[in-house]
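The values are calculated or read from the model by the stated rules, or taken from the named source; none is laboratory data. Since this is a predicted model, take the numbers as computed values, not measurements. Note that each Cβ is placed from the backbone with ideal geometry, even for glycine, and that neighbours are counted across all protein chains shown.
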Amino acid sequence: MIVKPRKYPVSILSLEALQRRLKQNHPQQAQIKEDLAKKTAGFKGEQSIDYFLSFLTEGMYHILHDVRLKIGDHFFQIDILFLSRRFLLILEVKNITGTLFFDRNFNQLIRTQGDKREAFPDPIMQVNRQHHQLKKWLIQNKYKNIPIIPLVIISSPRTILETSHQNDEIYHKIIHSAKLPQIVSKLEKTYGKNILTERQLSKLGQLITECHTEPSINILSQYKISENEVLKGVICPNCTSLPMNIKRGKWICPSCTHISKDAHIEALKDYSLLIDQQITNSQLRDFLQVSSIYVGTKLLTSLNLTHTGKNKGRVYHLDARKELFY
């Protein structure tokens, strides 16, 4: 049973918005493209696990995707958290292709692909840290003595795994995704005693969902980009040129003559991802490159946004329409 479904990551949405709102020759474009490719690959890797999760007995397990919890002054994040009455399973998903060598002497992962060798942080250390943090969080919330198994999932079946002879831990901590149903079945036999009742299991899943905190992303600050560098205007959904012009409630592209009634929604989504989740009429007109106060008011009213303040001090809340913007 999916208790907390996977959502398209805001981090990817933010990078996509930043990529299209910067000039093509901007010095950060190459880094943004690389980071976006990595995050997208990671998300696709997590999605690929769903096929193997579908082989598990329906209703017997509670599954939570992209959990972010706070312990003390720090947050920790888990790709997939698997709850059963007998144990909890942490799944850290890695979508890395090529040949992977797990170096336990220096706690690093070395990927070889063609003539290129690249080092990554040790995923075993990462998942062990998540194990420690989750255990502390559970004790803090009065859940004790629940076995927790940390596991690294390599999502690509073409990835070759290698390690040194003395590294026995890898055989217990890292698997290809196809082996997941077999591992879960084995864990059911290993941990044969129920620790939680079905009611306690449901309450734990609900508690984790309620305590989950979405990350706050300031993408401009992260890449040291000024707000003035962000391209303004409504982007044409047909040819991607900007800005589109508005006439009689319709957006018209001067480059390809494409007409749209709602192209401004994507522009406001970009604004909420890059600038702020609150916007005034004046800020909307500046970002959409609209001169008329009346048109700005009409656009804001049509979105049925919640707002605070009155007259010139009125502020509209873009985050209140997550189904529209995310």
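Tabulated values for the structure
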| item | result |
| --- | --- |
| Set Gln277, Gln283: member being at pLDDT below 95 and within 21 Å of Leu220 (Cα to Cα) | Gln277 |
| Top-ranked residue of region 216-226 - restricted to ones that are of a type in the set (Ser, Thr, Tyr) and surrounded by fewer than 17 Cβ atoms within 10 Å (Cβ to Cβ), ranked as nearest to Phe76 (Cα to Cα) | Ser216 |
| Some residue of region 90-107 being without any contact (Cβ under 8 Å) to a residue 24 or more places away in the chain and either touching a strand residue (DSSP E or B) at 6+ places or on another chain (Cβ under 7 Å) or farther than 24 Å from Met125 by Cα (or both) | no |
| Some residue of region 27-48 being aliphatic (A, V, I, L, M) and under 30 Å from Thr197 (Cα atoms) | no |
